[in-house]
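Since every read-out is calculated from the coordinates, none of them should be taken as a lab result. None of the values given here were measured: they were computed from a predicted structure. Cβ sites come from the backbone with ideal geometry, for glycine too, and all protein chains shown count toward neighbours.
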Amino acid sequence: MRSILALMAITMGVFAVEAAAEEPVKARGIVLEETHVSYAFEASVLGRAGKAMLKAAPLGANGNPNAGQVDSEWSLRLKPSATETQCGVQDVTITVSTTITTPDWSDVEDLEPDAQKEWDRYLTALRTYQDGHIAITVEMAKDIRSALLALPAQPTCSDLQAEMAQTAARIEADYADTNAAYDKRTNYGKKLGAVLRKQFTRRG
């Protein structure tokens, strides 16, 4: 899985986003949107599912297939406090948009119940791992918003936007390291159980 932390769009007016499932986030000024997509694969036994899944999986930033992936972007809406002599931050709303990609084993129902149970367990663990990356991105958005609200007023709104961009980029870089550390700590989700464990045969 990879996490893409990118795309800051500062707007002074109405901010429009593409339709997506909006998830409540208990933080003022933060909106989380989740889009769920899946890719299909087939395998006759659980022992072959891993290879079949990776063969059908999307490629990550490093060119390798990712069984489960989270792509995140964020954008912000600025409500400025502007006068003839200065431009400051009155309020900021940050929208975090995530695309969550998971595998869909199309013929898993042909397997024994224990194999289906193991597949369900794997998917749950995979989503736990993905949720960890989303939580990191949301925390990043909170920190960015807090830092932007604390910025002093600038002579012009252009100067303010430049200062906002520098501040956000610095925090974003720190959280890229946090995401990398999370991958290392969880071994890309394997330590959370996101690995298929047993082999079962097809019925009949």
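Filter the stretch 120-149 for residues that are within 19 Å of ALA194 (Cα to Cα), crowded, with 20+ Cβ neighbours inside 10 Å and either over 19 Å from the mean Cα position of the chain (by Cα) or of a type in the set (Phe, Trp, Tyr) (or both) and give the result. Residues satisfying the conditions are TYR122, TYR129. Scanning the stretch 51-101 for residues that are touching a strand residue (DSSP E or B) at 6+ places or on another chain (Cβ under 6 Å), in contact (Cβ under 8 Å) with a residue 40 or more places away in the chain and more than 30 Å from TYR39 (Cα to Cα) turns up LEU76, ARG77, LEU78, PRO80, SER81, CYS87, GLY88, ASP91, VAL92, THR93.
Consider THR167 carefully, then state whether it is free of Cβ contacts under 8 Å to residues at least 40 places away in the same chain and among the hydroxyl-bearing types (Ser, Thr, Tyr). Before you say what the answer is, go through the steps one by one.
Numbers: free of Cβ contacts under 8 Å to residues at least 40 places away in the same chain: yes; among the hydroxyl-bearing types (Ser, Thr, Tyr): yes.
Considered against the rule, which asks whether it is free of Cβ contacts under 8 Å to residues at least 40 places away in the same chain and among the hydroxyl-bearing types (Ser, Thr, Tyr), THR167 comes out as yes.
With respect to GLU112, is the statement that it is surrounded by 14 or more Cβ atoms within 10 Å (Cβ to Cβ) and within 30 Å of LYS184 (Cβ to Cβ) true? Considered against the rule, which asks whether it is surrounded by 14 or more Cβ atoms within 10 Å (Cβ to Cβ) and within 30 Å of LYS184 (Cβ to Cβ), GLU112 comes out as no. For the stretch 37-72, filtered to residues that are assigned to a loop (DSSP other than H, G, I, E, B) and among the aliphatic types (A, V, I, L, M), the residue that is farthest from THR101 (Cα to Cα) is VAL45.
For the stretch 158-198, what are the residues that are in contact with an Asp or Glu (Cβ under 9 Å, 6 or more places away or on another chain), part of a loop (DSSP other than H, G, I, E, B) and over 14 Å from HIS133 (Cβ atoms)?
If we filter the stretch 158-198 for residues that are in contact with an Asp or Glu (Cβ under 9 Å, 6 or more places away or on another chain), which is where we start, we get 171, 174-175, 178, 189, 196-198.
Narrowing the set further to residues that are part of a loop (DSSP other than H, G, I, E, B) leaves 189, 196-198.
Hits for the stretch 158-198 are LEU196, ARG197, LYS198.
Going through (1) more than 24 Å from LEU196 (Cβ to Cβ); (2) out of contact with any strand residue (DSSP E or B) (no Cβ under 6 Å at 6 or more places or on another chain); (3) crowded, with 17+ Cβ neighbours inside 10 Å; (4) not small (Gly, Ala, Ser) one by one, PRO152 falls short only on (3).
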